[in-house]
Amino acid sequence: MSQPVHGVSLASIYEARRRIAGQIVRSPLIRSQILSDRFAADIFLKLETCQPTGAFKLRGATNMIAALIERDGRDTLARGVTTASTGNHGRAVAYAASRLGVPATICLSSLVPANKVAAIEALGATVRRVGYSQDDAFKEVDRLVTEEGMTLIPPFDDPWIAAGQGTIGLELLEDQPDLDHVIVGLSGGGLLGGIGAAVKSVRPEINLVGVSLSQGAAMWESLCAGCPVEVAEVESLGDSLGGGIGLDNRCTFALVREVMDTHYQVSEVAIANAMVDILETEKMLVEGAAAVGLAAIEEHDLAIQGRKIALVLSGNGIGLETFDRARRLAGR
Ligand SMILES: *Cc1c(COP(=O)(O)O)cnc(C)c1O
């Protein structure tokens, strides 16, 4: 069988599933009665908020570290793994490494607040504080990899990472085999790409919908340009969807281009409204990035009547101050 250029296949997603079994939660897919009634459709919510670190990124991080142990042996990983992220990816790497018995060093700028540092340390990682920006933190990651022999665990652009996130696609098909639309938040594309590789291999007729921010959406701009481009970062309620895709992107740009059918952007007000809707209807507090699917349905008036839809509620990395901001923006 020929290997696709991006390196993600149904087989690699099944391998990921075997590796991460018992390490992550096989998350529930629940039918929302209120949202289904509101849109005259069957709306299902995939609750990645149930992962022990509060987001799906644990799947990819666990798969990559377990795959490296399998391929190279534990001794090769004795120096440990590293990355730079204050958010869901940093928490995922810290937790996954600790579960798999591998040391983890998470590089953070000195400006990251103490509570976020403590949260990552509590998951069993060593935090290294350097410089005054995310760029400074990334430079330290580079140094740890080249000079100290650590292994980088990237947030999205890797076939093992995308395959790990793709296990969500397998679970969706098992729980609701006849879905019409799967709607996924899109940033670097590990999540959408992995899910797409799974569901499209089995049911190519599924409409795979990506949702990006309306500003600072690097994947959107890159798809328009036909190659990865850089975009200035903009503050957003969906902060987990910010950041670039890497000018040297080797996996997820090609993968997203192959599997995604439809792509929308959503405004900050639409994200805010969707966050409040999810709290009101489901009694769940989710971060902005997890609410973009519902935001797209509402803002773009998607024709979903009579259809079966899955929305991936990707994470709950949000504090009450941010939710207050969303509530004020939504005017509710
Ligand atoms: C990282 C993240 C995303 C986007 O995933 P990509 O693989 O970068 O596209 C969406 N939602 C949440 C909560 C995330 O942490």
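Any read-out appearing in this document is the output of simple, stated calculations on the displayed coordinates, not a laboratory observation. A quick note: this is a predicted structure, and the numbers were derived from the prediction, not measured. Don't worry about glycine lacking a Cβ; one is built from the backbone with ideal geometry, like all the others, and counts go over all protein chains shown.
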- Query: Counting pairs of Cα atoms in the chain, how many percent are more than 37 Å apart?
  - Reply: 11 percent
- Per Stokes-Einstein, at 20 °C and 1.002 mPa s, what whole-number D in µm² s⁻¹ belongs to region 90-212, with the Kirkwood radius over Cα pairs as the hydrodynamic radius? 131 µm²/s
- Item | Descending semi-axes in Å of region 57-152, equivalent ellipsoid built from Cα gyration tensor | 21, 15, 10
- Message: Restricting everything to alpha-carbon atoms, can you work out Rg to Rh for region 288-332 with a Kirkwood hydrodynamic radius?
- Response: 1.05
- Nearby lysines by direct alpha-carbon distance to Lys116 (threshold 22 angstrom, same-chain neighbours under 8 apart not counted): Lys57, Lys139
- Item | Per-residue ³J(HN,Hα) for region 219-230, Karplus 6.51 cos²θ - 1.76 cosθ + 1.60, θ = phi - 60°, Hz, x for Gly and Pro | 5, 4, 5, 5, 5, 5, 6, x, 7, x, 10, 8
- Message: If you wrap a convex hull around the alpha carbons of region 146-248, what volume per residue comes out, as a whole number of Å³?
- Response: 134 Å³
- Query: Under a GNM of the chain (C-alpha, springs under 10 Å), which listed residue has the highest mean-square fluctuation: Gly189, Gly306, Gly169?
  - Reply: Gly306
- Message: If R₀ is 25 angstrom, what is the calculated FRET efficiency for the pair Ser267 and Ala40, using the beta carbon separation as r and rounding to 0.05?
- Response: 0.55
- FRET efficiency, Thr126 to Arg332 (Cβ-Cβ, R0 51 Å, nearest 0.05): 0.75
- Taking every alpha carbon pair in region 189-280 and sorting the distances into 10 angstrom bins from 0 up to the bin holding the longest one, the percent per bin comes out as 16, 44, 31, 8, 0
- Message: As I understand it, the value is the acute angle between the Cα axis of helix 88-99 and the longest principal axis of the Cα atoms of the chain; what does it come to in degrees, rounded to 10?
- Response: 60 degrees
- Protection proxy (average C-beta count within 10 Å per residue), highest first, orders 233-239, 292-298 as 292-298, 233-239
- If the chain between Gln305 and Glu230 were fully stretched, how many nm would it gain, using 0.36 nm times the residue separation less the Cα-Cα distance? 23.3 nm
- Task: Give me the number: length gained by fully extending Ala11 to Asp75, i.e. 0.36 nm times residue separation minus the C-alpha to C-alpha distance, one decimal in nm.
- Result: 20.3 nm
- Förster radius 35 Å - calculated FRET efficiency between Glu147 and Arg31, Cβ distance, rounded to 0.05: 0.10
- Message: For region 257-332, take N as its residue count and report Rg(C-alpha) divided by 2.2 N^0.38 Å.
- Response: 1.12
- Item | Cα point-scatterer Debye curve for region 6-63, base-10 log of I(q)/I(0) at q = 0.20, 0.23, 0.25, 0.26 Å⁻¹ | -0.80, -0.89, -0.95, -0.99
- In deg cm²/dmol and to the nearest 500, what is the mean residue ellipticity at 222 nm of the chain if only DSSP H runs of at least 4 residues count, each as -39500 (n - 2.57), divided by the residue total? -14500 deg cm²/dmol
- Note on the structure: Expressed to one decimal in nm², the mean projection of the alpha carbon convex hull of region 172-329 is 9.2 nm²
